[in-house]
Amino acid sequence: MGCCSGRCTLAFICGMQLVSVLERQVIDFLGYQWAPILTNFLHIIVVILGLFGTIQFRPRYVTGYAAWLVVWMTWNVFIICFYLEVGDLSRDSDLVLTFNLSMHRSWWMENGPGCRVTPITPPPSWAPEDHRYISISGCLMDFHFIEVAHSSLQILLALVGFIYACYVVKLISEEEDSFDFIGGFDSYGYQGPQKTSHLQLQPMYM
């Protein structure tokens with residue numbers, strides 16, 4: 001009963017992680033943030049494998065899922081530090097999240113709750129022609145706090161998932177050990193008579 005309850009809870013957590021990271025993947029695609037896009041993609045694959053291992057009693061898959069969650073939590077802690085500009089980190093840097101392939105911008109910067117976007121016309125004389133300069137005002141919450149909230153949610157789900165993954169692996173291992181113990185008596189079961197490789201001929205006297 002405990003194994004069923006733990007597996008069902010872990011499967012539900014995996015489902016919640018898939019929903020939340022798919023929403024985050026769409027937002028990162030809209031913001032051209034390539035490093036989060038690649039990391040989200042890896043997370044989706046590992047969560048699917050963890051869900052498969054949970055349903056099919058595959059402790060190795062669940063163990064790999066738990067190990068990845070540690071990396072995933074570390075990544076999200078870095079994202080929080082990046083948007084809060086901890087230390088020398090700057091959220092205006094294009095190298096960290098976009099590999100310097102495009103201008104870094106969070107989708108929430110222009111589309112946050114209450115945000116009003118006004119184009120700056122005419123643009124500055126030094127501005128490249130392919131760049132758009134805008135003024136953003138009226139936001140109820142700054143975009144970096146929204147990104148921090150998203151990463152905090154991912155850390156919370158990953159922490160709960162890690163705890164339940166360890167619990168499920170422990171229960172599956174205990175069940176396998178109990179089955180091996182019961183099956184160990186099979187070696188003392190009945191064995192049929194063995195056929196001899198040849199017949200011995202005995203002389204016959206009249």
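The values are calculated or read from the model by the stated rules, or taken from the named source; none is laboratory data. Computed from a predicted structure; not experimentally measured. Using ideal geometry, Cβ is built from the backbone for each residue, glycine included, and neighbour counts are taken over all protein chains shown. Protein only, heavy atoms only, side chains kept; ligands, DNA and RNA dropped before computing areas. Shrake-Rupley method; radii C 1.70, N 1.55, O 1.52, S 1.80 Å.
Using the structure shown, decide if residue 82 is part of a helix (DSSP H, G or I) and open to solvent by 40 Å² or more (accessible area, probe 1.4 Å).
Judged against the criteria, residue 82 is not a match.
In the range 113-123, is there at least one residue being at pLDDT below 65, open to solvent by less than 60 Å² (accessible area, probe 1.4 Å) and over 25 Å from residue 24 (Cα atoms)?
No, the range 113-123 has no match at all.
Quick one: what pairs do we get from the range 3-23, first residue free of Cβ contacts under 8 Å to residues at least 24 places away in the same chain, second surrounded by fewer than 20 Cβ atoms within 10 Å (Cβ to Cβ) and of a type outside the set (Gly, Ala, Ser), C-beta under 8 Å, 6+ apart or different chains?
Close Cβ pairs (under 8 Å, with a partner that is surrounded by fewer than 20 Cβ atoms within 10 Å (Cβ to Cβ) and of a type outside the set (Gly, Ala, Ser)) amount to 22/44.
Which residue is most open to solvent (accessible area, probe 1.4 Å), if the candidates are limited to the range 21-46 and must be under 17 Å from residue 149 (Cβ atoms) and over 15 Å from the mean Cα position of the chain (by Cα)?
26
Evaluate the following for residue 57: is it in contact with a Lys or Arg (Cβ under 9 Å, 6 or more places away or on another chain), of a type outside the set (Ser, Thr, Tyr), open to solvent by 10 Å² or more (accessible area, probe 1.4 Å) and in contact (Cβ under 8 Å) with a residue 60 or more places away in the chain?
Answer is yes for this residue.
Could you tell me whether any residue of the range 179-188 is within 20 Å of the chain's Cα centre (by Cα), at pLDDT 50 or above and not hydroxyl-bearing (Ser, Thr, Tyr)?
Our first condition is that a residue be within 20 Å of the chain's Cα centre (by Cα); within the range 179-188, this holds for none.
Within the range 179-188, not a single residue is within 20 Å of the chain's Cα centre (by Cα), at pLDDT 50 or above and not hydroxyl-bearing (Ser, Thr, Tyr).
Could you check residue 133 against (1) surrounded by 10 or more Cβ atoms within 10 Å (Cβ to Cβ); (2) at pLDDT below 60 and say which number it fails?
Of the numbered conditions (1) surrounded by 10 or more Cβ atoms within 10 Å (Cβ to Cβ); (2) at pLDDT below 60, the odd one out for residue 133 is (2).
So, in the range 160-178, of the ones that are open to solvent by 60 Å² or more (accessible area, probe 1.4 Å) and farther than 17 Å from residue 64 by Cβ, which residue ends up modelled with the highest pLDDT?
Top of the filtered list is 174.
Every residue in the range 7-38 that is more than 13 Å from residue 153 (Cα to Cα), touching a helix residue (DSSP H, G or I) at 6+ places or on another chain (Cβ under 6 Å) and of a type in the set (Val, Ile, Thr), please.
Listed by number, the residues that qualify are 9, 37.
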